[in-house]
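Trainee: So that we are looking at the same thing, I have put the structure below in structure tokens.
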Amino acid sequence: MDTLKVNKRLIMTPGPVSVDPRVSQAMSNSILGQFDYEFVNIMNETMSLIRQSFLTENKWAFPIDGTSRAGLEAVISNIVKPGDEVLVPVIGRFGYLFTELVTRAGGIVHNIHKPMGEVFDQAEIIEALDEYKPKVLAIVHGETSTGRLQPIDQLGRACKERGIFSVVDAVATYQGMVIPVDEWELDAVVGGAQKCLSIPSGITPITFNERFSEEINKRKRVELGIRSNESTEKEHFISSNYLDLTQLQDYWSPKRLNHHTESTTSVYALYTGLKLALSEGIEARAKRHSYHQEALKTALKALGLEIYGDESNEMKMVICVKIPEGIDDNAFRNGLLQNYGVEIAGSFGDLQGQIWRIGIMGYGVQKQNILTFLSIFSTYLVSHDSQQHLNVAESIKTLLDYYEQNEI
Ligand SMILES: *Cc1c(COP(=O)(O)O)cnc(C)c1O
């Protein structure tokens with residue numbers, strides 16, 4: 001039988017990204033039973049690591065088995081019951097994902113918009129909270145589709161003062177910058193795996209506080225077959241079974257009430273990824289991301305490319321560049337991948353064909369990789385550029401100078 005053969009890649013997209021070999025190694029450990037005392041210890045330690053990663057004292061910090069979208073859907077489908085009103089500020093594609101999830105949960109969405117490439121002033125969002133008086137604010141922290149960082153540090157408190165629940169998509173920013181969940185008084189936050197944490201996709205760390213827990217438990221329904229005698233029938237019970245956070249609470253606590261069969265290999269990956277991230281230190285990790293982002297951005301400018309969007313609100317985990325005129329987005333990216341094993345991303349909606357997104361995420365964010373990327377990308381780009389205004393030598397020199405002149 002032929003074994004699986006996967007070619008070497010340099011992934012420079014906003015996820016999935018390459019993983020530390022120690023994560024892959026951890027995943028090759030033996031499977032443990034989901035109630036094995038050894039696995040239960042790993043579960044408890046993983047919860048503690050998730051708490052540390054979110055800088056929170058929340059009791060509830062556990063992973064959802066599924067990609068980040070499952071984490072977002074879990075949080076939304078538990079806190080939003082039919083008829084509940086939700087404010088969703090939109091600055092790009094992932095704001096629409098929240099809109100979609102709320103709508104499917106039967107909620108009523110109030111969208112506020114900014115033109116692509118911009119972010120909200122927090123005061124504008126707070127004003128909209130006062131105008132719409134929603135039950136929930138659902139907001140994206142790092143909007144990967146446009147590369148914008150939405151400031152949110154004032155929003156948790158503003159929500160709390162108004163009795164509103166704050167829900168944050170921190171999928172792309174998690175472990176690429178510091179997100180102090182308690183200090184920012186956020187009620188529920190969803191992180192990501194295959195972005196800056198740099199583990200395979202399929203598991204999603206989330207956290208939520210007691211206030212949020214109390215609210216979703218008003219809709220708790222223990223499933224048939226494992227229910228004790230007392231009835232838990234509620235009028236607006238949580239309709240999702242797999243993503244029912246209240247049943248997951250029973251699984252991720254000493255009750256250990258059977259729910260799904262936990263993916264032990266994914267938990268090994270999460271555990272190891274978090275250990276690595278926390279031993280590097282979240283602040284140091286954030287610095288590493290912004291240091292290399294600045295390095296590559298400076299070099300891409302020297303190459304002659306135009307950076308998309310205002311640098312004052314850029315995410316440090318992704319660089320958005322305008323696609324030079326005359327270059328076909330898909331053909332170029334496919335060629336780069338097929339010929340050189342280097343992957344970058346396009347974007348969505350109005351930005352499709354307009355910008356490329358170059359991910360600066362996780363384990364692969366190292367000097368050597370950035371230099372290799374720039375060399376291949378710039379050379380290949382020049383070979384496709386009929387206008388010949390790009391300068392590869394200048395760009396590589398700029399990168400080397402940056403690394404020589406700037407400490408991390
Ligand atoms: C990647 C991403 C998601 C979706 O994550 P999946 O793991 O693909 O489900 C959601 N929100 C943001 C901001 C993202 O960058």
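The values are calculated or read from the model by the stated rules, or taken from the named source; none is laboratory data. Everything numeric in this text was worked out from a predicted model, so none of it was measured. Cβ: placed from backbone, ideal geometry, glycine included. Neighbour counts: every protein chain shown. Heads up: the accessible areas ignore ligands, DNA and RNA and are worked out on the full protein's heavy atoms, side chains in. Shrake-Rupley method; radii C 1.70, N 1.55, O 1.52, S 1.80 Å.
Trainee: May I ask you to verify whether F237 is away from the ligand (no atom under 16 Å from the Cβ) and in contact with a strand residue (DSSP E or B) (Cβ under 6 Å, 6 or more places away or on another chain)? Before the answer, list the steps.
Mentor: On the way: away from the ligand (no atom under 16 Å from the Cβ): yes; in contact with a strand residue (DSSP E or B) (Cβ under 6 Å, 6 or more places away or on another chain): no.
The answer is no for F237.
Trainee: Also, quick follow-up: Pick from segment 155-178 the residues that are farther than 20 Å from V102 by Cα and in a strand (DSSP E or B): which of them is nearest to the ligand (Cβ to nearest atom)?
Mentor: So, considering only residues that are farther than 20 Å from V102 by Cα and in a strand (DSSP E or B), the one nearest to the ligand (Cβ to nearest atom) is Y174.
Trainee: Among the residues of segment 311-351, how many are of a type outside the set (K, R) and more than 21 Å from the chain's Cα centre (by Cα)? Don't jump to the end; show me each part of the working.
Mentor: Step one: of segment 311-351, the residues of a type outside the set (K, R) are 311-315, 317-321, 323-332, 334-351.
With the extra rule that they be more than 21 Å from the chain's Cα centre (by Cα), the set shrinks to 323-332, 334-342, 350.
Going through segment 311-351 one residue at a time, the tally reaches 20.
Trainee: Within the bounds of segment 116-127, is there any residue that is in contact (Cβ under 8 Å) with a residue 12 or more places away in the chain and assigned to a strand (DSSP E or B)?
Mentor: no
Trainee: Please go through segment 69-88 and give me each residue that is open to solvent by 10 Å² or more (accessible area, probe 1.4 Å), closer than 30 Å to E314 by Cβ and either of a type outside the set (A, V, I, L, M) or touching a Cys at 6+ places or on another chain (Cβ under 9 Å) (or both), ordered by number.
Mentor: Of the residues in segment 69-88, the ones open to solvent by 10 Å² or more (accessible area, probe 1.4 Å) are 69-70, 73, 77, 81-85.
Remaining after also requiring closer than 30 Å to E314 by Cβ: 69-70, 73.
If the condition is that a residue be open to solvent by 10 Å² or more (accessible area, probe 1.4 Å), closer than 30 Å to E314 by Cβ and either of a type outside the set (A, V, I, L, M) or touching a Cys at 6+ places or on another chain (Cβ under 9 Å) (or both), then R69, E73 are the ones that fit.
Trainee: Only one of these conditions is not met by L337: (1) farther than 18 Å from Y308 by Cα; (2) open to solvent by 50 Å² or more (accessible area, probe 1.4 Å). Which number is it?
Mentor: (2)
Trainee: Test of understanding: among L336, L371, L400, which residue is farther than 25 Å from A284 by Cβ, in contact (Cβ under 8 Å) with a residue 12 or more places away in the chain and of a type outside the set (V, I, T)? Before you say what the answer is, go through the steps one by one.
Mentor: Values: L371 fails: farther than 25 Å from A284 by Cβ; L400 fails: farther than 25 Å from A284 by Cβ.
Step by step, each of L336, L371, L400 is checked, and only L336 is farther than 25 Å from A284 by Cβ, in contact (Cβ under 8 Å) with a residue 12 or more places away in the chain and of a type outside the set (V, I, T).
Trainee: Those residues that are within 15 Å of the ligand (Cβ to nearest atom), of a type in the set (D, E, K, R) and touching a Phe, Trp or Tyr at 6+ places or on another chain (Cβ under 7 Å), I need them from segment 56-97; list them, please. Break it down stepwise before answering.
Mentor: Restricting attention to segment 56-97, the residues satisfying the condition of being within 15 Å of the ligand (Cβ to nearest atom) are 63-77, 88-97.
Next, from what is left, pick out any that are of a type in the set (D, E, K, R): 65, 69, 73, 93.
If the condition is that a residue be within 15 Å of the ligand (Cβ to nearest atom), of a type in the set (D, E, K, R) and touching a Phe, Trp or Tyr at 6+ places or on another chain (Cβ under 7 Å), then R93 is the only one that fits.
Okay, residues lined up against (1) within 12 Å of the ligand (Cβ to nearest atom); (2) assigned to a loop (DSSP other than H, G, I, E, B); (3) open to solvent by 40 Å² or more (accessible area, probe 1.4 Å):
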position: P134; (1), (2), (3): no, yes, no
position: D153; (1), (2), (3): no, yes, yes
position: P180; (1), (2), (3): no, yes, no
position: E183; (1), (2), (3): no, yes, yes
position: L186; (1), (2), (3): no, yes, no
position: G192; (1), (2), (3): yes, yes, no
position: K195; (1), (2), (3): yes, yes, no
position: E214; (1), (2), (3): no, no, yes
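Trainee: Something else: E127 fails exactly one of the following numbered conditions: (1) surrounded by fewer than 19 Cβ atoms within 10 Å (Cβ to Cβ); (2) within 16 Å of the ligand (Cβ to nearest atom). What is the number of that condition?
Mentor: Exception for E127: condition (2).
Trainee: Go through (1) surrounded by fewer than 17 Cβ atoms within 10 Å (Cβ to Cβ); (2) within 18 Å of E143 (Cβ to Cβ) one by one and return the number of the condition G326 breaks.
Mentor: (2)
Trainee: What tally of residues in segment 312-330 results from selecting those that are without any contact (Cβ under 8 Å) to a residue 24 or more places away in the chain and either closer than 10 Å to L149 by Cα or part of a loop (DSSP other than H, G, I, E, B) (or both)? I'd like the intermediate steps shown before the answer.
Mentor: First pass over segment 312-330, keeping only residues without any contact (Cβ under 8 Å) to a residue 24 or more places away in the chain: 312, 328, 330.
Subsequent filtering for residues that are either closer than 10 Å to L149 by Cα or part of a loop (DSSP other than H, G, I, E, B) (or both) retains 312, 328.
Total satisfying the criteria: 2.
Trainee: Look through E143, E100 and report the one residue that is surrounded by fewer than 19 Cβ atoms within 10 Å (Cβ to Cβ) and either closer than 24 Å to P14 by Cβ or within 13 Å of the ligand (Cβ to nearest atom) (or both).
Mentor: Working: E143 fails: surrounded by fewer than 19 Cβ atoms within 10 Å (Cβ to Cβ).
After applying the criteria, what remains is E100.
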